[in-house]
Amino acid sequence: MSDDPDKKREPVEIINPPHKLKQKVSGAGGPSAAMLAKAQAAIEKMSGDYPDWASRDVEKLDALVAAITPGESTKGENVNQAFRMAHDMRGQGGSFGYPLMTRLSSSFCRFTEKMDKMDQGGIDILKTHVNAMRAVISNRVHGEGGAVGTQIADGLEQAVQKYLDKHGLS
């Protein structure tokens, strides 16, 4: 294109390609009732299997926490992998009827996010989280876990806060 205003410009043709994606998506505003029902049925089917694979995840998390050594950076591989696993578990718990697992996993994640390096006290707090998760899954504690579930989660969250306050990490 020239900067000379005396030159004639060629006509421009605007081409609007067809919007084929819109044709492939059902409806104009999101999933249909049939799609939602199908997704809900799939979640319900998977919910029955959740304790088995969550139990395997808890054991993997336990092995990762056991491999953490005092002085290890939270950016290190063991802590990082443990965080990612707990993060995944946090999302799964509520989806499959185990919101107490979500709460415990959230506490685990929040704790590791505040830390720079792990000491034995921090490792012990992570181990306590894993033991609580193991109890929830092995006893198939659905929902919030009632008064005992609340007491366990509250106790872990208080231990985390006390540790963080003591170390100036709040």
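Each reported figure results from applying straightforward, stated rules to the coordinates on display, with no laboratory input. The structure displayed is predicted, hence computed values, not measured ones. When we count neighbours, we look across all protein chains shown, and the Cβ atoms used for this are built from the backbone with ideal geometry, even at glycine.
Return the calculated 222 nm mean residue ellipticity for the chain, to the nearest 500 deg cm²/dmol, obtained by summing -39500 (n - 2.57) across DSSP H runs with n ≥ 4 and dividing by the residue count.
-22000 deg cm²/dmol
Could you work out how far helix 50-67 tilts from the main Cα principal axis of the chain, as a 0 to 90 degree angle to the nearest 10?
The helix 50-67 is inclined about 70 degrees to the chain.
Of S73, S105, S32, which is the most mobile in a GNM of the chain whose springs link Cα atoms less than 10 angstrom apart?
Per the Cα network of the chain with a 10 Å cutoff, S32 tops the list.
Determine the gain in length on full extension of the stretch K8-E44; use 0.36 nm per residue of separation and subtract their C-alpha separation, reporting nm with one decimal.
So the chain would gain 6.2 nm between K8 and E44.
Test of understanding: ordering S55, S106, S138 by Cβ neighbours within 10 Å, fewest first, what list do you get?
Lowest to highest Cβ neighbour count: S138, S55, S106.
Quick one: L169, L100, fewest Cβ neighbours within 10 Å first, how do they rank?
Ascending number of Cβ neighbours within 10 Å: L169, L100.
Counting other beta carbons within 10 Å of each Cβ, put H19, H129, H167, H142 in order, fewest first.
H19, H167, H142, H129
Any idea how far the Cα center of region 54-69 sits from the one of region 73-137, in Å?
10
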